[in-house]
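A short write-up of the structure that comes next.
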Amino acid sequence: MRREASVLHLDLDAFFAAVEQRDKPSLRGRPVVVGGTGGRGVVATASYEARAYGARSAMSTAEARRRCPSGTAFLGGRFGAYRRTSEVVMDLLRELSPLVEPVSIDEAYVDLAAGPGHDLSVEGVTALARDLKGRIAGATGGVTGSVGIGSSKLMAKIASDLDKPDGLVVVAPGTELDVLHPLPVTRLGGVGPATAERLRQVGVRTVADLARKSLTDLVTLAGRAHGSGLYRLARAEDDRPVVAEREAKSVSQESTFERDLTDLAELNRLIDSMATRVGERLRASALSGRTVTLKLRRYDFTTMTRSQTLPQPTDDARQVASIARRLLAEAGTGGGLRLIGVGVSGLSQYAQGDLFAVEGPAPAEGADDVVEEPAAPGAPADRRWWPGQDVVHDEFGPGWVWGRGLGRVTVRFEGPLTPPGPVRTLAADDPALHPGDPPDWRPATMGA
């Protein structure tokens, strides 16, 4: 480990929900759940107001609806808005150091030792983090983040989670075990429910309990690689560097359905759409891949994958779709499918293919987690709109979709710089109503 606390970890608080509350003033202080809004949807992020009722990430939306009170806002994701806010935050981190490692759209490590002459004393990094938090809130329209700083990635991430939301914790060098050992063993990376249960069966509940186990015991329990890793983490041994560029391992797209699907033609159309987006992302990143994977989740929640590895890498959406269609035909749709996904892995730098292929913009990284919900062609008019969607009306101006159904769409006309706005119910096929862009949260004097 380092001799000074010079690794910073930033975790933006309930990020998707926080952006929604910023952009929709009528939702501030209210429970907000972001994710799939249909019957098969999954929660991506719950605001802290919703978490008070037990809503949490990865929970089914149906379960979150049962737990949360009436008036909770259940919204589809708006990755354009999240990505723009994330870019502002990542730019602020890069002002601190050239070594910034984004882990996801709302989380990153920073190597402060690589920055321009920072005071790396506990007092110095505390002041630096306090200033960073203020600049993030100012630049993002009030989105907050929790910061942890320590002598390793492990301790920085642990620290950022100790005082959420809007927390700031610095683990002074030499105190790592004092902080680490009282914590539940589930705070360690790689200790999921299955590993936690196996450890509980041998009397391990805290990191201190884990540290009392010998290397041999842990290798026997969890295997050589995982057991050795747990042995080191329990002793706060972590020398992983902050890496500015993270190499993508795969590019994928998936969707959860409101009802179980069995129709092969409908599923093939969905595969074609997903393959198109995967191909666009590959080309935009100058990547191609050799392995095409189809992911299926059946009506009984069993999940399976089928793959084919090609002799040469590809970024051709038509080829990806053709392989995925065949894999689906082989796997079958018996009983119905509630989720389907298409991915490409075994990535390498782009190999020349069709010189005249039309490239489109790449969807935001992580877009598999929150799927914006446009309706299929030919769907009823009210299905063209989804809760949380940005819209603009020729007469009433910009707003967002509050609800839909029975041929109507309810819109609240407000934005991040307005007070809570009026609600109007319109015909779903109102020609004056159009999809809109994410609103700008910054006053005009701040610039675009």
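The values are calculated or read from the model by the stated rules, or taken from the named source; none is laboratory data. Worth saying up front: this structure is predicted, and the values here are computed from it rather than measured. All Cβ positions, even for glycine, are placed from backbone atoms using ideal geometry, and neighbour counts span all protein chains on display. SASA here: full protein model, heavy atoms, side chains in, ligands and nucleic acids out. Shrake-Rupley method; radii C 1.70, N 1.55, O 1.52, S 1.80 Å.
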What ³J(HN,Hα) values, in whole Hz, does the Karplus curve 6.51 cos²θ - 1.76 cosθ + 1.60 give for region 154-164 when θ = phi - 60°, with x put for Gly and Pro?
3, 6, 5, 5, 4, 5, 5, 9, 7, 9, 7
Computed [θ] at 222 nm, deg cm²/dmol, the chain (DSSP H ≥ 4; -39,500 (n - 2.57); rounded to nearest 500)
-9000 deg cm²/dmol
Express as a percent, rounded to the nearest 5, the fraction of DSSP beta bridges in the chain (both residues included) that run antiparallel.
90
Local electrostatic count, Val32, Cβ distance below 10 Å [Lys/Arg +1, Asp/Glu -1]:
+1
Cα gyration tensor shape for region 48-186, rounded if a/c is under 1.5, else prolate or oblate
oblate
For region 389-448 and region 4-72, what is the centre-to-centre distance using only Cα atoms, to the nearest Å?
21
Using label points projected 7 Å from each Cα along Cα→Cβ, tell me how many nm separate Lys164 and Leu406, to one decimal.
3.9
Gain on full stretching of the segment that runs from Ala137 to Val219 - 0.36 nm per residue minus C-alpha separation
25.1 nm
Accessible area of region 4-86 belonging to carbon and sulfur atoms, whole % at 1.4 Å probe:
48
Virtual spin-label span in nm between Arg130 and Arg56, 7 Å along Cα→Cβ:
3.3
By how many nm would the segment from Arg83 to Arg290 lengthen if fully extended, with 0.36 nm per residue of separation less the alpha-carbon distance?
71.7 nm
Accessible area expressed per residue, the chain, with surrounding protein chains retained (probe 1.4 Å, Å²):
47
Order Tyr82, Tyr299 by their accessible area, 1.4 angstrom probe, all chains in place, largest first.
Tyr299, Tyr82
Which of the peptides 266-277, 132-143, 335-346 is most tightly packed, and how do the rest follow, going by the mean number of other Cβ atoms within 10 Å of each residue?
335-346, 266-277, 132-143
Using Cα pairs under 8 angstrom and six or more residues apart, how large is the relative contact order of region 267-331, in percent?
41
Provide the gained length on full extension for the span Glu330 to Asp300, in nm with one decimal, where the gain is 0.36 nm per separating residue minus the Cα-Cα distance.
8.9 nm
Diffing region 335-341: the Karplus 3J(HN,Hα) column from phi (6.51, -1.76, 1.60, θ = phi - 60°), in whole Hz with x for Gly and Pro, holds x, x, 10, 9, 8, 9, x
Would you calculate the separation in nanometres between label points at Arg269 and Arg30, each defined as 7 Å from the Cα along the Cα-to-beta-carbon direction?
3.4
Stokes-Einstein D (µm²/s) once Rh is taken as the Kirkwood radius of region 169-235 over alpha-carbon pairs, at 37 °C in 0.692 mPa s:
274
If contacts are Cα pairs under 8 angstrom and at least 6 residues apart, what is the relative contact order of region 1-153 in percent?
34
Let me make sure I get this right: for region 216-301, a, b and c are the square roots of the gyration tensor eigenvalues over alpha carbons, sorted descending. Under 1.5 in a/c it's rounded, otherwise prolate if a/b > b/c, else oblate. Which is it?
oblate
Counted charge near Val179, where neighbours are those whose Cβ lies closer than 15 Å (Asp, Glu -1; Lys, Arg +1):
-2
The chain, relative contact order in percent, only Cα pairs under 8 angstrom and at least six apart counted:
16
Under 29 Å between C-alpha atoms, the lysine pairs in the chain lying 8 or more places apart or on different chains count 11
Given the alpha-carbon gyration tensor of the chain, what are the semi-axes of its equivalent ellipsoid in whole angstrom, ordered largest first, with each equal to the square root of 5 times an eigenvalue?
37, 30, 23
What's the ranking of 404-416, 208-220 by average number of surrounding C-beta atoms within 10 Å, highest first?
404-416, 208-220
Out of the total accessible area of region 133-230 (probe 1.4 Å, heavy atoms of protein only), what percent is carbon and sulfur?
55
